[in-house]
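Take a look at the structure set out below.
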Amino acid sequence: MQRKTKNSSLRWDIHPHIPTLAEQLSYLHHPRPFKNPQYAKNSNSRRAKNLKAVLTQERERERVERERRRLEREHLSEDAIAMQVDAKEDEEIPTYASIEAPPSVLPQRRYCDITGLEAPYTDPATGLRHHDKSIYEIVKGLSASAAKEYLAARGVSSIVK
């Protein structure tokens, strides 16, 4: 690139353009692979669905699933149907609409009565759950009435020894 000097309008210097520090540090001309060039924001669609839309979609999904299972049963031969009589008929799948869900297969979590952290230990004298050794020192120093209050907060009504 060539540029004119201030002294003479006829004379041209052969000096390349030296980029400024701001131009050197700029990311303006670098490719942006994280941006989708075809992206166009649609102002008509909403990101979040309201509860009515979610429940309607869930009912439709359940209806389609029941219809699919019914068609499968129709296409099975008589022998296969006889073998499936022992299987659960119309197994219920938990959804947003169904309040009842099967019980969890995971063990119930136990939390410290003092801190609320996970409690792998239980004090045998009071029945209070504690997180670690430092909390156990606090539990040992509690009076019987304070231990009863902690147990009552957890919903346990046991007699403290």
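The values are calculated or read from the model by the stated rules, or taken from the named source; none is laboratory data. All figures in this text were calculated on a predicted structure; none of them were measured in a lab. Every residue, glycine among them, receives a Cβ derived from its backbone with ideal geometry; neighbour counts consider all protein chains shown. Remember, those area values only see protein heavy atoms, side chains included, never the ligands or the DNA or RNA. Shrake-Rupley method; radii C 1.70, N 1.55, O 1.52, S 1.80 Å.
Restrict the search to the range 100-146; then list the GluC sites (Glu not before Pro) that DSSP places in a loop and that have at most 12 other Cβ atoms within 10 Å of their Cβ.
E100
Calculate what fraction, in whole %, of the accessible area of the range 22-67 sits on carbon and sulfur atoms when a 1.4 Å probe is rolled over the protein chains.
Working: 2650 of 4850 Å².
Answer for the range 22-67 is 55 percent, counting heavy atoms of protein chains only.
Using a 1.4 angstrom probe on heavy atoms only, work out the carbon and sulfur share of the accessible area of the range 121-161 in %. Mind dumping the intermediate values first?
Values: 1570 of 2770 Å².
It is 57 percent, rounded to a whole number.
Is the shape of the range 108-161 best called rounded, prolate or oblate, per the rule: a/c under 1.5 gives rounded, else a/b larger than b/c gives prolate, else oblate, with a ≥ b ≥ c the square roots of the Cα gyration tensor eigenvalues?
Details: a/c = 1.76, a/b = 1.19, b/c = 1.48.
Judged from the Cα gyration tensor, the range 108-161 comes out oblate (a/c at least 1.5, b/c at or above a/b).
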